[in-house]
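Encoded as C-alpha cells, the structure appears first; notes follow it.
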Amino acid sequence: MDLNCLKTKWLQEERIAHIHGWDFSHIEGRFEEGQDIPWNYEAIVRRYLSPESRLLDIDTGGGEFLLSLNHPPENTSATEGYPPNVSLCQSLLPPLGIDFREADRSDCLPFDSCSFDLVINRHGRFDARELYRILKPGGCFVTQQVGAENDRELVDLLLPGTKLAFPEQYLEKAVRSFTEAGFEILQSREAFPKIRFYDVGALVWFARIIEWEFPGFSVESCFSQLCRAQNLLDTKGVIEASTHRFLLAAAKPVR
C-alpha cells in the first residue's frame, strides 16, 4: 500500500467533492446503498396519488424524485431551502408549470391551510402540526426519513466519538408527534439497510458531502483512520456499514 499515492488520490476526491441536486453519480459503481430497503417509497407514494391530487414535495432537493412521478404540473408544488438546490429548482420547475417556493423552515410553510391532498418528503425536515394545517381533511403525508443511527459505523471509523447528528430521528418519536398533532397513522416501518464502499476515495467524497454526519472531516485530520479503512477494504474487499431508514404515512382525519 503506497500511502503517499493513496493520500494524493484521497485529497483529489476531497477537492472535487460537491453535489448538484442530490446526484451521487460521481461515485456510482464505487459504492451502493438502499439495495435492501424492504419497501418501495415511490410505490407507496403512488398508492395515495391520483392525477387530481394537489401534491406538495417538501425539501425536494433538485426535484429529481418529484419529476419522476410525472404528476400534472398544475397540481404540483415544491419547496426547498438549501441555496444551491433553490437555484436549481428555480431554473427547472417553474418553466414546467410547477409551483416552486423557497422555504427553509418546516414549521411555517408558504401555503394556505387545507391546500393539499398529498404531501411527500424524502429525507427532509417536517413539522407534524404544520403538515396538519396545510393538508385537506382526508389528505395524507408520506415520508421516508434518515434515522438517527445512520452510517454510524462509518462515522465511528473516521471520527470516533462523534455525537449523533439528529438524535431525535427515531420512528417512535415521529409516530408520537403525528398522533399528538391529530393524525391517523397509516403505515410505519423501520429498517437498517447496508451501505457498501469498494473504494476509500469514494468514502472520502461521501464524507465531505454528508458533512452533518462527518463534521470536521478532512483527509489530513483523518488520514490514519483512512489508512485503517484501506486496510479493512484490502482484507474484506468492502467497507460495509448500516444505514437507518424509516417510513411513515399518516392521514388527516375527515371530521
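The values are calculated or read from the model by the stated rules, or taken from the named source; none is laboratory data. Note that the structure is a prediction, hence the values are computed from the model and not measured. Here the Cβ is made from the backbone with ideal geometry for all residues, glycine too, and neighbour counts use every protein chain on show. Only protein heavy atoms, including side chains, enter the accessible area calculation; ligands, DNA and RNA are left aside. Shrake-Rupley method; radii C 1.70, N 1.55, O 1.52, S 1.80 Å.
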Got a sec? Which of Phe100, Phe65 is closer than 27 Å to Ser242 by Cα, modelled with pLDDT of 90 or more and not small (Gly, Ala, Ser)? Phe65
Do we have Leu96 as out of contact with any Asp or Glu (no Cβ under 8 Å at 6 or more places or on another chain) and under 20 Å from Asp23 (Cβ atoms) here? yes
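Please count how many residues of segment 71-88 are part of a loop (DSSP other than H, G, I, E, B) and farther than 19 Å from Asn121 by Cβ.
Summing the residues that are part of a loop (DSSP other than H, G, I, E, B) and farther than 19 Å from Asn121 by Cβ in segment 71-88 gives 1.
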Of all the residues that make up segment 63-87, how many are in contact (Cβ under 8 Å) with a residue 60 or more places away in the chain and open to solvent by less than 60 Å² (accessible area, probe 1.4 Å)? 1
Is there a residue in segment 3-11 that is in a helix (DSSP H, G or I) and either of a type in the set (S, T, N, Q) or closer than 19 Å to Tyr82 by Cα (or both)? yes
Select from segment 130-165 the residues that are touching a strand residue (DSSP E or B) at 6+ places or on another chain (Cβ under 8 Å), charged (D, E, K, R) and surrounded by fewer than 16 Cβ atoms within 10 Å (Cβ to Cβ) and list them in ascending order. Glu153
Whichever residue in segment 18-54 is in contact (Cβ under 8 Å) with a residue 24 or more places away in the chain, farther than 23 Å from Ser242 by Cβ and of a type in the set (A, V, I, L, M, F, W, C) and, among such residues, is surrounded by the fewest Cβ atoms within 10 Å (Cβ to Cβ): Leu49
Only residues that are within 23 Å of the chain's Cα centre (by Cα) and acidic (Asp, Glu): list them for segment 208-255, please. Glu211, Glu213, Glu240
May I ask you to list the residues in segment 82-102 that are within 11 Å of Gly61 (Cβ to Cβ) and touching a strand residue (DSSP E or B) at 6+ places or on another chain (Cβ under 7 Å)? Val86, Cys89
Select from segment 166-186 the residues that are touching a strand residue (DSSP E or B) at 6+ places or on another chain (Cβ under 7 Å) and either within 15 Å of Asp127 (Cα to Cα) or surrounded by fewer than 15 Cβ atoms within 10 Å (Cβ to Cβ) (or both) and list them in ascending order. Gln169, Leu171, Ala174, Val175, Phe178, Thr179, Phe183, Glu184, Ile185
Considering only residues that are surrounded by 13 or more Cβ atoms within 10 Å (Cβ to Cβ) and of a type in the set (S, T, N, Q), look in segment 88-111 and name the one that is farthest from Tyr132 (Cα to Cα). Gln90
Looking at Asp127 and the list (1) open to solvent by 40 Å² or more (accessible area, probe 1.4 Å); (2) within 20 Å of the chain's Cα centre (by Cα); (3) over 19 Å from Arg105 (Cα atoms), which single condition is not satisfied? (3)
